[in-house]
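Contents: one structure, followed by commentary.
Bear in mind these aren't lab numbers, they're just calculated from the coordinates by the rules spelled out. Computed from a predicted model, the values in this text were never measured in an experiment. Methodologically, a virtual Cβ is constructed for each residue, glycine included, from the backbone with ideal geometry; neighbour enumeration extends over all protein chains shown.
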Amino acid sequence: MKNSNASRIKVQYIVKNYPQLTQTYIKNELLAVKERAEVSIIATSTPNFPDPESLPFLFLPDLDEIKKEVRLFSPDVIHTHYLNHVPIVHEVASSLGIPYTVRVHSFDCLPAGLQRRLPAHLEAVVPLLNQDICLGVVAMPFALSILADVGLNLEKLHIKPPVVDVQMFLDKSPNHRGVMNTGACIPKKQMQDFLELACRLPGETFNLYPVGHDIQHFEKLNGERGGILNIGKPVSHSQMPKEYKKNNWMVYTASFSEKTVGWPMAIVEAWASGVVVNVARIRPDLEDFIGDAGYCYDSIDELTDRLVTEPPTDIRERGFERAQSFDIRKHLDELFAMWSYTR
C-alpha cells in the first residue's frame with residue numbers, strides 16, 4: 001500500500017462532521033498539508049453548520065465503503081482528529097495495514113464538570129493508540145498529564161500548539177473600537193457572561209460571532225435585554241480577518257464549572273489582528289497560553305473598567321509577536337516526520 005516512488009506523500013483524512021464551520025483547525029491543517037502532500041478527505045458524518053468554502057470530500061458513513069475508498073486512494077498514512085474518532089480509524093487502518101496519526105483537541109480529553117470526569121472513550125481508545133499501527137498522537141500541552149495518567153505510551157505523544165493560519169490574519173493596522181467574542185454557541189463557552197458585560201457597559205459596542213447550536217436561545221436572551229449585543233450571522237473563515245479589525249478588545253468567555261475550553265485558535269487570530277484578549281482563567285494552563293500577551297480573568301467584574309479604555313500598546317505588540325510562534329507552517333515538520341516512517 002505504500003508509495004515509495006511518489007514525489008509527494010499521500011495522506012488520507014478520515015474525519016467526522018466535516019466540513020463543520022467551526023472546524024477551522026482541521027481546515028487550516030488541511031490547507032497547509034496540501035502544500036506538501038497529496039490529500040484525500042472522507043467525512044464519516046455530516047456537519048450541523050457546513051463550511052461553504054470546504055475542500056472537496058467524500059461523505060461515507062459506511063465502514064466498508066470507507067475501506068474501499070481508502071484502498072483505491074492507497075495512502076501512505078491515515079490522519080484523523082478527535083480521540084473519540086479513533087476506533088473507526090483504527091479499524092480501517094488495521095484492516096488495510098496502513099498506519100495512522102491523530103490530533104487531539106480539548107473536549108475529547110479534558111475532564112468535565114464539577115466531578116472532573118474524564119471522557120468515557122479514553123479508556124477504550126488508549127490501548128488502540130499504543131499499538132504499532134498508530135504512529136503518533138499530536139496534542140496541546142494541557143493534554144500531556146491527562147494522556148500520561150490514562151496510560152498512553154508517551155513516546156508516541158507530540159506536544160504542539162493550536163493549528164492557526166497566522167499569516168491570513170496578520171494585520172498591524174489600527175483597529176476600530178469594539179469588544180468581540182466568537183465560537184460555537186454551546187454551554188461550555190458561557191456566552192451569557194458576554195451578554196452581561198454588554199449590559200453593564202451600554203456605551204461600548206459588543207460584537208458576538210457565534211455559530212449555531214444554542215444560538216436561537218441566546219438570541220432570545222439578548223432580545224430580552226434590549227438587543228444590546230450585535231449578533232452576527234455565521235461568517236466564513238476567509239471573511240473573519242476583517243471582522244477582527246472591527247474590534248480592539250476580545251473577551252473569550254468560558255464556563256468555570258465545565259472547564260473544557262482548550263487553547264482557542266481564535267485567541268491567536270485575535271493577536272495577529274491587533275485585538276487584545278481577555279480569557280477566562282478556567283485552568284492554570286491558560287496562563288501559559290496567554291503569557292504576557294493578554295489577560296486572564298476570574299470574574300467579569302475585573303473587565304468593566306478595562307474595556308472602556310484603549311488596549312495597552314505594549315500588550316498589543318506582544319500579541320503580534322506571540323501569534324507568529326503559533327503559525328501552522330512552523331509546526332508541520334514533526335507531523336511530516338511521523339508520516340515519513342511510512343515511505
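Here are some notes:
- Global form of region 54-155, assessed from the alpha-carbon gyration tensor, a/c cut-off 1.5: prolate
- By DSSP, the beta bridges lying fully in the chain are antiparallel in about 5 percent of cases.
- In a DSSP loop and with at most 16 other Cβ atoms within 10 Å, the trypsin sites (Lys or Arg not before Pro) in region 29-128 are Arg36, Arg116.
- Relative contact order for region 146-260: 36 percent, from Cα pairs under 8 Å spaced at least 6 residues apart, divided by residue count.
- R0 of 25 Å, Cβ-Cβ distance Glu204-Lys330: FRET efficiency to nearest 0.05: 0.10
- Relative contact order of region 166-324, pairs being alpha-carbon contacts under 8 Å that are 6 or more residues apart, as %: 28 percent
- Bridgeable aspartates and glutamates around Lys156 (alpha carbons under 14 Å apart, same-chain partners fewer than 8 residues away excluded): Asp132, Glu334.
- For the chain, a Gaussian network of Cα nodes joined below 10 Å ranks Met240, Met250, Met191 by mean-square fluctuation, and the top entry is Met240.
- Applying a threshold of 31 Å to the alpha-carbon distances of Lys10/Lys172; Lys160/Lys245; Lys220/Lys245; Lys172/Lys220 flags Lys10/Lys172; Lys172/Lys220 as lying beyond it.
- Each part reduced to its alpha carbon centroid, region 269-343 and region 7-55 end up 24 Å apart.
- Option label - volume of the Cα convex hull per residue in Å³ computed here, alternatives (i) 128; (ii) 210; (iii) 159: (i)
- Rounded if a/c under 1.5, otherwise prolate or oblate - region 166-324, Cα gyration tensor axes: rounded
- Relative contact order (percent, whole number), the chain, Cα cutoff 8 Å, 6+ residue spacing: 17 percent
- Of the Cα atoms belonging to region 191-260, the radius of gyration and Dmax stand at 12.5, 33 Å.
- Computed over neighbours whose Cβ is under 13 Å from that of Asp64, the net charge equals -1, Lys and Arg +1, Asp and Glu -1.
- GluC sites (Glu not before Pro) within region 1-67: DSSP coil, no more than 16 neighbouring Cβ in 10 Å: Glu35, Glu53
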